[in-house]
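Comments concern the structure below.
The values are calculated or read from the model by the stated rules, or taken from the named source; none is laboratory data. On a predicted model such as this, the values are computed, not experimentally measured, just so you know. Quick reminder, even Gly has a Cβ in these numbers, built from the backbone with ideal geometry, and neighbours come from all protein chains shown.
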Amino acid sequence: MKRIALLLFIVTISFADVNAQKWEEMMQDPSISFYEVQQEFNTYFEGRERIKGDGYNVFKRWEHWMERHIDAEGFLPPAGTKQKEYTKFMTQYRATKKKGGDYTVSEEGNWSSLGSNTTLENWTNFDIGIGRVDQLIMDPFDSNTFYACTPAGGLWKSTDACASWNITGTDSLLTMGIGHIAFHPLEQDHLFATTGDRDALGTRSIGLIESYDGGDTWDTTGLSYNLYDFKRIYRVLIHPTQPDTMYVATLEGIVK
């Protein structure tokens, strides 16, 4: 009898534990709305003592991100929705500008910087500064030309040995993150760039992009993602004597 009681107790505890973690499984199911997951999470933690590794902090980070991206019903838009809308707008915008029309978009504007413009003194945190620059790469064809890859500010270019900088055509992309670039070994101004924040989740990747004019304009390549694919690219390498062969380090491994 005692064995039966003990067995029932173990089964009951195990069953309760499985049910208690239901919200974790719900997070992975795109058919369940954000609000249902949130309610399940709040019910689970109501009156429960917090312990290390209970998933509370992880959920709160997920909750914060989801709240800024879901629709009114609590679901993420289908993959590529924003990208398609942006592409549609840019197509209309360029067509209107080409005809000499006004699309009510000002390239000048009366803008002023609100900062930050300086860094704090005696700052000991790891994120000191007012913006990250992940890579500084010299153009192999011109020692006065440098490119700066930023995870949330696009690709910047200097043609006077870093004395001054200008943003490249990455401003027209759907994502502002550029993690790494590689140059075609035989063709000047022909380069490839990885998109997104390669070290964190600041900006999402749309894949590997290509430019034939030193970064003024960009095109997609065969390695393209939707923003909601949650992909990440770390680096791109081009074979020095066979430039059609490329290697890209991604979150899923190395692709060729």
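Observations on the structure shown:
- Reported count of residues in the stretch 225-249, each being within 21 Å of residue 134 (Cβ to Cβ) and more than 13 Å from the chain's Cα centre (by Cα), is 8.
- Selected residue (criterion: modelled with the lowest pLDDT) from residues of the stretch 190-209 that are surrounded by fewer than 24 Cβ atoms within 10 Å (Cβ to Cβ) and over 16 Å from residue 226 (Cα atoms): 200
- The stretch 110-150, residues that are surrounded by 10 or more Cβ atoms within 10 Å (Cβ to Cβ), polar (S, T, N, Q) and modelled with pLDDT of 75 or more: 135, 144, 145, 150
- Every residue from the stretch 146-157 that is touching a residue at least 40 places away in the same chain (Cβ under 8 Å) and not in a loop (DSSP other than H, G, I, E, B): 147, 149, 155, 157
- The stretch 202-219 residues that are in the same structural domain as residue 156 (by TED's automatic domain parsing), paired with ones that are in a loop (DSSP other than H, G, I, E, B) and among the polar types (S, T, N, Q) (beta carbon under 7 Å, 6 or more apart): 203/175; 204/175; 205/175; 206/175; 211/217; 215/168; 216/168
- Tally of residues being over 30 Å from residue 201 (Cβ atoms) and of a type outside the set (Asp, Glu) across the stretch 233-244: 5
- Unmet criterion (only one of (1) closer than 14 Å to residue 219 by Cα; (2) assigned to a loop (DSSP other than H, G, I, E, B); (3) of a type in the set (Asp, Glu)) for residue 160: (1)
- Long-range neighbours under 9 Å by Cβ, at least six apart or interchain, first residue not assigned by TED's automatic domain parsing to the domain that holds residue 224 within the stretch 83-97, second among the polar types (S, T, N, Q) and modelled with pLDDT of 75 or more: 83/226; 90/172
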